[in-house]
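The values are calculated or read from the model by the stated rules, or taken from the named source; none is laboratory data. Just so it is clear, the structure is predicted and the values come from calculations on it, not from any experiment. Methodologically, a virtual Cβ is constructed for each residue, glycine included, from the backbone with ideal geometry; neighbour enumeration extends over all protein chains shown.
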Amino acid sequence: MEIVGNTSNCAQCKRQCSRKTTEMWFQQLILSILVLSVSGLAQNSEDDKFSLIRYLICINDNIDVNLFSNEIELWTQLHHERELFKDMINSLKIPTELQNSDWRTFSANAGSKICVLCRGILRTFINLRRKGMSEEDIRNNIIKLCILFNIQTENVCKGVIELNLPIILYIIDSKPNLTAATICGVVLESKSCPLTDPEFDWIIDVNNNSHAVTENETQEEIKILHITDIHYDPLYEPNGNSNCGEPLCCQKGQNKSDMTSFAGFWGDYNSCDTPWHAITDALEHMKDTHQGIDFIYFTGDIIDHGVWETSEEGNIQSLTKIYDYIHSVFNNTIIYPILGNHESNPLNQFAPKNITQDNLTTNWLYELVADLWIGYGWLPESARSTISQGGYYTVVPKKGFRIITLNSNVWLWYNPKDPDNQLHWLATILSEAEKNNEFVHILSHIPPNSNSCLKTWKREYLKIVNRFSHLIKAQFNGHTHNDEIAILYNSDMEANNVAWNGGSITTYTKLNPNYKVYTVNCRNYEVADYQNWMYDLSSANENIHARPTWYKSYSFKTEYGLPNLSVKSLNNWLPKVAKNETLINKYYRNFYKQAKPSLQETCDINCKKKLLCRVIVHSKKKMLCDNILTSSVHVL
């Protein structure tokens with residue numbers, strides 16, 4: 001987006017930054033600790049992007065990373081702000097309404113300024129650490145910076161930094177050649193902030209001697225229930241403060257005397273997660289409504305969004321409580337679960353197997369879920385070795401059908417090349433599946449169209465998927481909370497795979513709760529159709545004494561008039577939607593799960609068409625996207 005006109009009047013720019021933004025979320029915590037950003041899991045609205053870019057343009061174009069770094073270091077020594085540093089603070093201070101916005105997707109002028117901020121702050125504290133500054137002094141200084149630049153409230157700044165700093169310092173201490181440019185390149189990877197470190201450019205060897213997999217002669221179908229992103233909040237309080245000014249609200253202890261927004265009984269459209277009674281209602285409804293479910297896919301994220309106050313003990317309690325209840329409800333149905341990025345403590349921090357220090361290791365999580373998942377009878381004992389290695393596994397529930405699950409969260413700075421050996425393992429398992437004439441489903445929490453995926457990892461993953469696309473018949477994801485799909489394209493720009501997103505049980509943020517039921521043909525284990533089930537949160541909260549009214553909002557085939565859900569059919573569907581205003585409005589409404597607070601935000605036809613670009617997964621995504629955006633719109 002180009003901003004034209006006079007941008008020298010910063011006061012005017014900052015007034016324009018007062019527009020209400022969509023609540024977003026932490027996805028790259030290092031940026032919230034050492035840089036000036038809190039990244040989100042959903043897209044910014046167009047108004048968010050405009051507001052943020054206008055704000056950033058007000059920053060003095062001449063701020064240099066070395067000058068900025070020097071001023072921070074002087075500040076740590078002098079214990080007061082020099083006039084130049086005060087000017088930098090005043091220019092760079094984050095407007096409160098932008099604290100939870102996603103900065104990763106911005107480009108050009110805005111992106112380069114964010115990169116300067118990232119490199120300047122990180123360079124300072126890497127150098128100070130290597131000069132001998134203690135962890136306590138670094139922690140205290142970064143907390144002060146977080147507050148000075150209004151990155152978050154004091155409570156959130158303190159909690160997030162205390163949780164994450166030991167891990168970050170361990171990586172810095174263990175990798176003497178690690179630079180601020182590399183870390184910022186990993187976090188902000190873009191043209192404005194490129195990742196040029198050759199250690200992060202690696203390849204996976206893949207056997208290219210492919211052969212066909214024979215379809216089964218059967219008319220049998222199976223039903224798969226897809227549940228994802230529960231985000232259970234044990235502190236949820238109906239009538240609590242739902243607009244508390246922190247990344248997670250509606251919790252006990254957040255009440256204020258002047259509060260004007262009250263948490264709903266069944267959940268809330270603001271930055272709030274799911275109360276226990278809403279979770280039990282959802283699971284009981286699924287069991288009572290859908291008979292003959294063959295398998296359940298649970299694609300992660302049990303823990304709430306209060307990432308500044310998580311603990312290993314608290315996460316264990318929530319994980320055990322939710323899994324125990326799921327097992328008690330569906331005790332005769334096999335469930336295939338995976339880990340979400342919130343399951344670790346802290347968020348997103350999944351350490352390599354060989355990291356065993358108590359305040360760093362993730363082994364407690366792998367051991368916990370291995371014991372639970374195998375103990376419930378969901379998985380065989382043979383799955384324990386790879387779960388313990390990195391939280392991934394494979395099973396063969398039916399002859400000719402294999403399920404592969406991945407854990408998409410690892411310490412990329414510490415061990416950038418194929419962490420926990422997952423991609424090599426994936427290629428090996430797929431080779432075995434090909435030899436055994438097996439069709440495959442892949443489960444992964446983060447979808448392949450996510451912009452939070454490191455370019456090299458994504459490139460190599462897509463290379464493996466392209467090689468084995470003839471046997472990978474579907475992928476299943478969560479994480480975004482939106483009702484969306486992803487279509488994967490090979491190097492010849494031919495569609496060859498599809499990933500289905502389950503949405504979320506949580507309403508975080510401005511969404512209704514939902515789940516999906518897939519009908520899968522056993523001929524080749526392709527999804528034949530799915531039903532989306534949901535309820536309207538506003539209506540549910542009007543009568544707290546009655547259970548929410550769940551309903552089937554649509555079936556994909558019927559909604560979009562498709563003959564089937566093959567990759568070829570979906571590839572033809574995408575430009576058709578872009579050319580048809582009725583269809584694009586359906587996709588837009590379904591994407592936000594018909595939630596009125598999201599649908600009330602301004603989004604014209606071009607905005608909606610850009611939303612379709614999220615569907616495309618390809619290294620030349622912009623080229624394919626442009627073909628869609630330039631299509632003329634036909635109104636029925």
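Within segment 553-571, the only residue that satisfies the criterion of being basic (Lys, Arg) and either touching a Pro at 6+ places or on another chain (Cβ under 7 Å) or over 14 Å from LYS586 (Cα atoms) (or both) is LYS568. For THR280, the conditions (1) farther than 27 Å from TRP425 by Cβ; (2) touching a residue at least 60 places away in the same chain (Cβ under 8 Å); (3) surrounded by fewer than 21 Cβ atoms within 10 Å (Cβ to Cβ) are fulfilled apart from (2).
Looking across segment 607-628, the residues that are over 20 Å from ASN466 (Cα atoms) and surrounded by 20 or more Cβ atoms within 10 Å (Cβ to Cβ) come down to LYS609, LEU612. Cβ separations smaller than 6 Å between residues 6+ apart or across chains give the following pairs from segment 494-517 residues that are farther than 30 Å from LYS620 by Cα to residues that are assigned to a loop (DSSP other than H, G, I, E, B) and at pLDDT below 95: THR509/GLU23.
To keep it simple, each residue is scored yes or no on (1) more than 24 Å from the chain's Cα centre (by Cα); (2) assigned to a helix (DSSP H, G or I); (3) of a type in the set (A, V, I, L, M, F, W, C).
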residue	(1), (2), (3)
ALA181	no, yes, yes
CYS193	no, no, yes
ILE203	yes, no, yes
ASN208	yes, no, no
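Being small (Gly, Ala, Ser) and either crowded, with 22+ Cβ neighbours inside 10 Å or out of contact with any strand residue (DSSP E or B) (no Cβ under 8 Å at 6 or more places or on another chain) (or both) is the filter here; which residues of segment 389-432 pass it?
From segment 389-432, those small (Gly, Ala, Ser) are 390-391, 400, 408, 427, 431; that's our starting set.
GLY390, GLY391, SER408, ALA427, SER431, listed by residue number.
Return the residues of segment 458-485 that are aliphatic (A, V, I, L, M) and over 18 Å from SER569 (Cβ atoms); say none if nothing qualifies. Explain how you work it out, then say what you get.
Initial filter on segment 458-485 (aliphatic (A, V, I, L, M)): 462, 464-465, 471-472, 474, 485.
Scanning segment 458-485 gives LEU462, ILE464, VAL465, LEU471.
In segment 162-179, what count of residues is obtained for those that are surrounded by 18 or more Cβ atoms within 10 Å (Cβ to Cβ) and either of a type in the set (Lys, Arg) or not in a helix (DSSP H, G or I) (or both)? Selection size over segment 162-179: 1.
Scanning segment 288-318 for residues that are part of a helix (DSSP H, G or I) and either crowded, with 17+ Cβ neighbours inside 10 Å or under 24 Å from the mean Cα position of the chain (by Cα) (or both) yields a total of 7. Residues in segment 65-74 that are of a type in the set (A, V, I, L, M, F, W, C) and closer than 12 Å to GLY120 by Cβ were compared, and the one that is surrounded by the most Cβ atoms within 10 Å (Cβ to Cβ) is PHE68. Restricting the first member to segment 568-595 and to residues that are within 16 Å of CYS613 (Cα to Cα), and the second to residues that are basic (Lys, Arg) and at pLDDT below 95, the beta-carbon pairs closer than 8 Å and six or more apart or on different chains are ALA578/LYS609; LEU583/LYS576; ILE584/LYS608; ILE584/LYS609; ASN585/LYS608; TYR587/LYS608; TYR588/LYS608.
Against the condition within 30 Å of LEU283 (Cβ to Cβ) and part of a loop (DSSP other than H, G, I, E, B), how does ASN243 come out, does it pass? Yes. Taken over segment 220-239, the criterion of being surrounded by fewer than 23 Cβ atoms within 10 Å (Cβ to Cβ) and in a loop (DSSP other than H, G, I, E, B) is satisfied by GLU220, PRO234, LEU235, GLU237, PRO238, ASN239. Residues in segment 487-528 that are within 14 Å of the chain's Cα centre (by Cα) and under 30 Å from ASN627 (Cβ atoms): ASN501, GLY502, GLY503.
The test for being within 22 Å of the chain's Cα centre (by Cα) and closer than 30 Å to GLU97 by Cβ does not hold for VAL116.
Does any residue of segment 248-264 turn out to be surrounded by 15 or more Cβ atoms within 10 Å (Cβ to Cβ), among the aromatic types (Phe, Trp, Tyr) and within 20 Å of LYS510 (Cβ to Cβ)? Checking segment 248-264: at least one residue is surrounded by 15 or more Cβ atoms within 10 Å (Cβ to Cβ), among the aromatic types (Phe, Trp, Tyr) and within 20 Å of LYS510 (Cβ to Cβ). Taking the numbered list (1) under 24 Å from SER598 (Cα atoms); (2) modelled with pLDDT of 95 or more; (3) out of contact with any helix residue (DSSP H, G or I) (no Cβ under 8 Å at 6 or more places or on another chain); (4) not in a helix (DSSP H, G or I) in turn, PHE265 passes all entries but (3).
Do we have SER134 as at pLDDT below 85 and of a type in the set (S, T, N, Q) here? Please lay out each step first, then the result.
Numbers: at pLDDT below 85: no; of a type in the set (S, T, N, Q): yes.
Taking the combined requirement at face value, the residue does not satisfy it.
Determine, yes or no, whether SER271 is touching a Phe, Trp or Tyr at 6+ places or on another chain (Cβ under 7 Å), among the small types (Gly, Ala, Ser) and either part of a loop (DSSP other than H, G, I, E, B) or assigned by TED's automatic domain parsing to the domain that holds VAL160 (or both). Considered against the rule, which asks whether it is touching a Phe, Trp or Tyr at 6+ places or on another chain (Cβ under 7 Å), among the small types (Gly, Ala, Ser) and either part of a loop (DSSP other than H, G, I, E, B) or assigned by TED's automatic domain parsing to the domain that holds VAL160 (or both), SER271 comes out as yes.
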